[in-house]
Amino acid sequence: MSDKQNFLKRLQRSGKYFAHPPMAWVTALICLVIVSIAEPMVPALLQPLLDKGFKQNSFPVWMVPVALIGLYSVRGVSMFVGQVCIAKATNQGLLRLRMAMFERLQDASLDLYRTQNASTLGNTLVYEVQTGAQMLVGSCMSLFRDSLTLLALIGYLLYLNWQLSLIVALLIPSVGFLMKAMSKRLYGLTRSNQSATDQLAYVVEESALAYREIRLHAAQNLQARRFEHLGRMLERLTMKMAVASSGITPLTQLFAAIALSAVISVALLQSQDSNMTVGGFASFVTAMLMLVNPIKHLSEIAGPITRGLAALERGLELIENTPQESGGQHRCGQARGHIQWENIGVHYQEDHPWALRGVNLEVQPGETVALVGSSGSGKTTLANLLPRFVDWTEGDLKLDGVSVRDWQLTDLRRQFAMVSQSVVVLNDSLATNVALGQTPEPSKVLECLEAANLGDYLRSLPQGIETVVGHNASSMSGGQRQRLAIARALYKDAPILILDEATSALDNESERMVQEALQRLQQGKTTLIIAHRLSTIESADRIVVMDSGRVIEMGSHASLLANNGAYAAMFKLKSATHDQTAEA
């Protein structure tokens, strides 16, 4: 495939988002044609003005200002209308592209979030596509307008003097060669520049999110060195782009100066044979000098088009190359809560050990099952299989006798509510955060907040449940955030509840209030508890002990203590640690 065909194919990928509204483009193109045709009209007015205007009674004086004002009025109105239409089409296309990208993020395979960080995705969706769209559309319109202007001026020059016009025509292939050579160079540099920008933004994101840990461990200098290293790398790439872009204009102007010198020399020779009038020569030179601007713009167009196209392609690659989550066709409004792990194995990478291997476990509807074990034993992985946040490598997982892979994803995830140690809160009202994904019903929201022991907090808010809690609810304490997650789970009222370390980082008072709320939440639900604090799971129907991705013990609290196995050893160790802490 030729470079031209490849460029047009890449341009077509982006163009489908910016094709509407068609009338805006038609109007803009008509306006650009009018603006381009108006360009040679200025030197055309000079010829009769110089040849006849200084002769007495040759034509009325009032025609000169009328012609000039009329010409520039038509040109100005056309330029204004054209730019407004282009802005309308560009912004609507940008919105369509962003919506397509955001929708893909919502249904993307979860592998995307394991390979891409949040700052890269946010930078691509918000900033890069906006810059790219404005650059690409503006540059393409400039290419169209300046090309038409160039053709109109060249046509006028040929009409005036075709011999001199041949000299001017030598400029065009020279500029074309420059644009082709530099566009390849700029495209590669632009892609490298985008990657370096993403890495720099990620360091900033890390420093903002982990500011406590960084200051606690005096890691400011480490982060500063990383930032400086990436900043210098970005600086070098930016300078290479600046050098490549800056070289085009002086070379183009040099070609134009050579052509102008040749034209003036030939015109002076022709004037000796009385083949050219003063007005004709002035008109020709004026039109020729007017060629410099469109030629200069065309010589510089490679950079913005290349950068704009490269930025948009980042967004297009996200849409086209990111696989969607796949689900089945089984639909169910409310599951009973019968769960079966059948010889389940999870293997993330070939050179890593299995996260789960040979797990067989059955949970009956309404049963409370606790998962315990050391960090990395597979507890969270086992729970994350249920809503398909992790996929298994071997075996099968069934909900109400149907493989989880055969469930329609929306219906499957409707069956689960989760309360974890890490609670994500949206920058929206308290009501929206409680009814997450559903339309908030004020009475139900209030009821859930009270049941989650958040009544006192609610009464302290200036606008009640309509109060915006802020970015990730940084003003809320850890216990309040946990109880907000419980209120969210109460509102959803799913038949299966997953509690992942829900009280591990709380003080005694906060834990008591959270435990009270959890007891209300668990009533009548199938509950899966992941816990380090063994004292919180003694009342569970069954306790499953895991180690290195396998189930090594299972039974009630009393029976496991009687077996004097791994659970009993863990319980004794925790009890001894608790006693030592109490004595201290």
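The values are calculated or read from the model by the stated rules, or taken from the named source; none is laboratory data. Since we're looking at a predicted model, the values are computed, not measured. Note that each Cβ is placed from the backbone with ideal geometry, even for glycine, and that neighbours are counted across all protein chains shown.
Based on this model, can you work out whether residue 295 counts as crowded, with 21+ Cβ neighbours inside 10 Å and assigned to a strand (DSSP E or B)?
When the stated conditions are applied, residue 295 does not pass them.
Residue-by-condition table, conditions (1) within 22 Å of residue 282 (Cα to Cα); (2) crowded, with 18+ Cβ neighbours inside 10 Å; (3) modelled with pLDDT under 85:
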| site | (1), (2), (3) |
| --- | --- |
| 51 | yes, no, yes |
| 75 | no, yes, no |
| 89 | no, yes, no |
| 122 | no, no, yes |
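Taking segment 275-292 on its own, how many of its residues are outside any helix (DSSP H, G or I) and crowded, with 17+ Cβ neighbours inside 10 Å?
Matching residues across segment 275-292 total 2.
Out of everything in segment 383-411 that is in contact with a helix residue (DSSP H, G or I) (Cβ under 9 Å, 6 or more places away or on another chain) and in a helix (DSSP H, G or I), what residue ends up being surrounded by the fewest Cβ atoms within 10 Å (Cβ to Cβ)?
Result: 409.
Examine segment 126-138 for a residue that is modelled with pLDDT under 85, out of contact with any strand residue (DSSP E or B) (no Cβ under 7 Å at 6 or more places or on another chain), closer than 30 Å to residue 389 by Cα and of a type in the set (Ser, Thr, Tyr), and state whether such a residue exists.
The answer is yes, given that some residue of segment 126-138 is modelled with pLDDT under 85, out of contact with any strand residue (DSSP E or B) (no Cβ under 7 Å at 6 or more places or on another chain), closer than 30 Å to residue 389 by Cα and of a type in the set (Ser, Thr, Tyr).
When segment 535-578 is examined, which residues are found to be of a type in the set (D, E, K, R), in contact (Cβ under 8 Å) with a residue 40 or more places away in the chain and under 23 Å from residue 381 (Cα atoms)?
Within segment 535-578, 541, 542, 547, 550 qualify.
Within segment 368-379, can you find the residues that are touching a strand residue (DSSP E or B) at 6+ places or on another chain (Cβ under 6 Å) and either over 21 Å from residue 338 (Cβ atoms) or of a type outside the set (Ser, Thr, Tyr) (or both)?
369, 370, 371, 372, 373, 377, 378, 379
For residue 359, state whether it is hydrophobic (A, V, I, L, M, F, W, C), more than 20 Å from residue 106 (Cβ to Cβ), buried (at least 21 other Cβ atoms within 10 Å of the Cβ) and modelled with pLDDT of 90 or more.
For residue 359, the condition - hydrophobic (A, V, I, L, M, F, W, C), more than 20 Å from residue 106 (Cβ to Cβ), buried (at least 21 other Cβ atoms within 10 Å of the Cβ) and modelled with pLDDT of 90 or more - is met.
Restricted to segment 491-520, and to residues that are surrounded by 22 or more Cβ atoms within 10 Å (Cβ to Cβ) and in a helix (DSSP H, G or I), which residue is modelled with the lowest pLDDT?
Result: 514.
From the list 79, 101, 135, exactly one residue is in the same structural domain as residue 36 (by TED's automatic domain parsing), more than 24 Å from residue 321 (Cα to Cα) and in contact (Cβ under 8 Å) with a residue 40 or more places away in the chain. Which is it?
Of the residues listed, the single one that is in the same structural domain as residue 36 (by TED's automatic domain parsing), more than 24 Å from residue 321 (Cα to Cα) and in contact (Cβ under 8 Å) with a residue 40 or more places away in the chain is 79.
Do we have any residue at all in segment 399-415 that's closer than 14 Å to residue 483 by Cα, among the small types (Gly, Ala, Ser) and touching a residue at least 24 places away in the same chain (Cβ under 8 Å)?
no
I'd like to know if segment 409-421 contains one or more residues that are modelled with pLDDT under 85 and closer than 30 Å to residue 567 by Cα.
yes
Take the residues in segment 53-67 that are assigned to a helix (DSSP H, G or I) and either basic (Lys, Arg) or modelled with pLDDT under 80 (or both); name whichever of them is nearest to the chain's Cα centre (by Cα).
That would be 65.
Please specify each residue of segment 561-577 satisfying the condition of being out of contact with any strand residue (DSSP E or B) (no Cβ under 6 Å at 6 or more places or on another chain) and not basic (Lys, Arg). It would help to see each step written out before you state the result.
Residues of segment 561-577 that are out of contact with any strand residue (DSSP E or B) (no Cβ under 6 Å at 6 or more places or on another chain), as a first pass: 561-564, 568-577.
561, 562, 563, 564, 568, 569, 570, 571, 573, 575, 576, 577 - these are the residues of segment 561-577 that are out of contact with any strand residue (DSSP E or B) (no Cβ under 6 Å at 6 or more places or on another chain) and not basic (Lys, Arg).
Exactly one of these conditions fails for residue 353: (1) within 26 Å of residue 543 (Cβ to Cβ); (2) at pLDDT 90 or above; (3) not polar (S, T, N, Q). Give me its number.
Result: residue 353 passes all but (2).
Among the residues of segment 540-554 satisfying the criterion of being of a type in the set (A, V, I, L, M) and assigned to a strand (DSSP E or B), which is surrounded by the fewest Cβ atoms within 10 Å (Cβ to Cβ)?
Step one: list which residues in segment 540-554 are of a type in the set (A, V, I, L, M), which gives 540, 543-546, 551-552, 554.
Filter again for assigned to a strand (DSSP E or B), leaving 543-546, 551-552, 554.
Working: 543: 24, 544: 24, 545: 24, 546: 25, 551: 20, 552: 14, 554: 16.
Ranking the candidates gives 552 first.
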